[in-house]
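Values quoted throughout were computed directly from the atomic coordinates according to the rules given, and no laboratory measurement underlies them. Small disclaimer: the values here were computed from a predicted structure and weren't measured. Heads up, the Cβs are rebuilt from the backbone with ideal geometry, glycines too, and the neighbour counts pull from every protein chain shown.
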Amino acid sequence: MKEANTIGVIPTVNFSFKVSNISKLDEIYSPEYLVQGIPWQVQVCKTARDGKDSLGIYLHCAKEEYEENWSHAAFAKFKLLSFNNNTNPIQCSTDPYMFDDSGDGIGEQSLISWQDLFDSKKNYVKNDTIKLDISIAAADLEENTRSKITFENVDTCCEEDCFTTYRLSITNIKHLMGVRTPKFNMRKLPWALTVFKSSSTSLNVLLEPKVSVDKFSCKTKMWIRLISSKGDEKSIEEADNETFESAKKIFVVEVVSWDELFKPENGFVNNNSITMEVEIKMSKPEVVIDDQNDRATSSDCDAKPKKMECSICFEAIRNQDVSSTKCGHLFCKGCITNSVKAHGKCPLCNAVATENDLRPVYLPFTN
């Protein structure tokens, strides 16, 4: 093991890890290595996807304390070395990840296919052994230098929290690796937001479920507004859609490059801090059934009547108050009112919209 060193302000540990009996590999863990006083391990395993075997590699936090709501940001670089100097190593890096008591790791499911790993011309295997070079970096835990996050709910659509807005402030942004909010509820399920600097050096926001069920399905849209002190014309807004089909799913929106973030003329960074608003809309989650016999067939789906739904909260439009924009799109009255207040445009076509433009619509519902 090499001495711990520093890349910028990020402490790292570099070590080599040999895995023997690789042809019989199921999974194996490296010894524990301390970074920032926290123990870390690397898992090497044989994985399968679409009927093909591969070599997988993951970083795990080996912390065993059972304190509530702990988390640590870290990332890793993995390199599979060849015993032939003329063959390039296989390498990959992870984005910073917030490790917690869930035990989840981050890594690459297919660093190399099992077939390529044992290709004699590439010499990644010698005497049934592989060599790995690994670098682990973790965020600074010092109180006066680590990044911190605060957030508050500034708008909520209804008791179901189908449409909500949070304001986030992140301090010590120059040293940011990753910070996570406490858990919050939407659609009666727990979620968390993470703000992190990606390996491609951009500012990103990640939404992830913190639920106990393995599989569920819901449609989600997230807007990120990075607020500038130079006025709204300098603020940046990014939006994207995602459908969650698993508790392991994550939803990431790239907001701005690191260089643009720190340009003084943009006014995003003040006193080494940034502020952003995160607006999330979410459909009502549904349980996903694995048994194909329990799934609806395509003919069943075709036979079902079509339904109207609000494209903001994803709720079916029944007997609630409904409003239309000038461009003709229909929404729940509360949803579109809050949306145009915040964004001044139609969520579907981006046409300019104000509260005065909204018109009530009376649909001919019958019992």
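A few notes on this one:
- Contact order relative to length of region 73-196, as percent, for alpha carbon pairs under 8 angstrom and 6 or more apart: 24
- Distance from region 28-54 to region 99-123 (C-alpha centre basis), Å: 8
- Using the Cβ-Cβ distance between Glu142 and Glu238 with R0 set to 30 Å, the FRET efficiency from 1/(1 + (r/R0)^6) comes to roughly 0.45.
- Order by protection proxy (mean Cβ within 10 Å, highest first), peptides 24-33, 72-81, 247-256, 90-99: 72-81, 90-99, 247-256, 24-33
- The slack in the chain from Asp100 to Ala62, taken as 0.36 nm per residue of separation less the alpha-carbon distance, amounts to 12.7 nm.
- Helix axis angle, 333-343 relative to the chain longest principal axis, alpha carbon, degrees: 60
- Three-way shape call for region 170-248 based on the alpha-carbon gyration tensor, with the a/c threshold at 1.5: prolate
- Cα shape, region 96-209, gyration tensor, a/c 1.5 rule: prolate
- For Cα Rg over 2.2 N^0.38 Å, the value calculated from this model appears in (i) 1.08; (ii) 1.17; (iii) 1.00 under label (ii).
- Note on Gln43 and Ala316: their simple-model spin labels are 4.0 nm apart, each label 7 Å out from Cα toward Cβ.
- For region 125-167, the square roots a ≥ b ≥ c of the C-alpha gyration tensor eigenvalues yield an a/c of 1.5 or more together with a/b not exceeding b/c, which makes the shape oblate.
- Partner lysines whose Cα lies under 27 Å from the Cα of Lys131, excluding those fewer than 8 positions away in the same chain, are identified as Lys2, Lys18, Lys24, Lys46, Lys52, Lys63, Lys77, Lys79, Lys121, Lys122.
- Computed over the chain, relative contact order equals 12 percent, with contacts defined as Cα pairs under 8 Å that lie 6+ residues apart.
- Alpha-carbon centroid distance for the pair region 319-363 / region 140-208, whole angstrom: 28
- Each Lys and Arg Cβ is given +1 and each Asp and Glu Cβ -1; about its Cα centre, region 88-215 then shows a dipole of about 280 debye.
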